[in-house]
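Read the structure below first, then the notes.
The values are calculated or read from the model by the stated rules, or taken from the named source; none is laboratory data. It should be emphasised that the depicted structure is a prediction, and the values quoted were computed from it without experimental measurement. For neighbour counting, all protein chains shown are included, and Cβ atoms are generated from backbone atoms with ideal geometry for every residue, glycine included. Only protein heavy atoms, including side chains, enter the accessible area calculation; ligands, DNA and RNA are left aside. Shrake-Rupley method; radii C 1.70, N 1.55, O 1.52, S 1.80 Å.
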Amino acid sequence: MPAPLDDLDRALLARLGDDARTPVSALASALHVARGTVQARLSRLVGTGVIRRFTLDLDPEVDEQAVRANTLVQVSGATARTVAKAVHAIPEVRALHSTNGKWDMVAELHCGSLAELDRALATLRGIPGVTNTETSILLARL
């Protein structure tokens, strides 16, 4: 279990959330701490799994053929952890969230085509413990 985050950790994560490519020296300057402090904090946050990966956030207009969708997932009984692990293994799933109400999870999918989305949904629906799904394709960012 990672150590609790302090104010400096939260400030560092917020800046990285805005731009994960911000140089360590710029982070140090903005946070009014030494470069070595920022480097040590980053190493700890990565080492303890608080920061799991650095990734790209592409403008959806760049790839107009991309198909994005949100899938609501209902699971049976106490299978949520097993289902979540299987859903995470689907390459098209970009994020998975627990939720309340009728649905147990929301999966964010990003696919190259409708056929790819169809295959990903078939895989998701075939996971033991998944009892129902409902998918909304995201058309345009407003």
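Taking the alpha carbon gyration tensor of the chain, what are the square roots of 5 times its eigenvalues, largest first, to the nearest whole Å?
Details: eigenvalues 242, 82, 28 Å².
Each semi-axis is the square root of five times an eigenvalue, giving 35, 20, 12 Å.
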For this session: Might you report the magnitude of the Cβ-based charge dipole of the chain about its Cα centre, with Lys and Arg at +1 and Asp and Glu at -1, to the nearest 20 debye?
Result: 560
Exercise. Carbon-plus-sulfur fraction of the accessible area of region 1-109, 1.4 Å probe, in percent?
Worked result: 51
Seminar exercise, completed: Diffing region 110-115: the Karplus 3J(HN,Hα) column from phi (6.51, -1.76, 1.60, θ = phi - 60°), in whole Hz with x for Gly and Pro, holds 9, 10, x, 6, 5, 4
Exercise. Pick from Pro23, Pro91, Pro128: which residue has the top mean-square fluctuation in a GNM of the chain where Cα pairs under 10 Å get a spring?
Worked result: Pro23
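Rounded to the nearest whole Å², what accessible area per residue is found for region 36-135 with the 1.4 Å probe? The partial results should precede the final answer.
Values: 6320 Å² over 100 residues.
I get 63 Å² per residue for region 36-135.
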Seminar exercise, completed: With Cα springs under 10 Å, the Gaussian network model of the chain assigns the largest mean-square fluctuation among Ala66, Ala11, Ala86 to Ala11
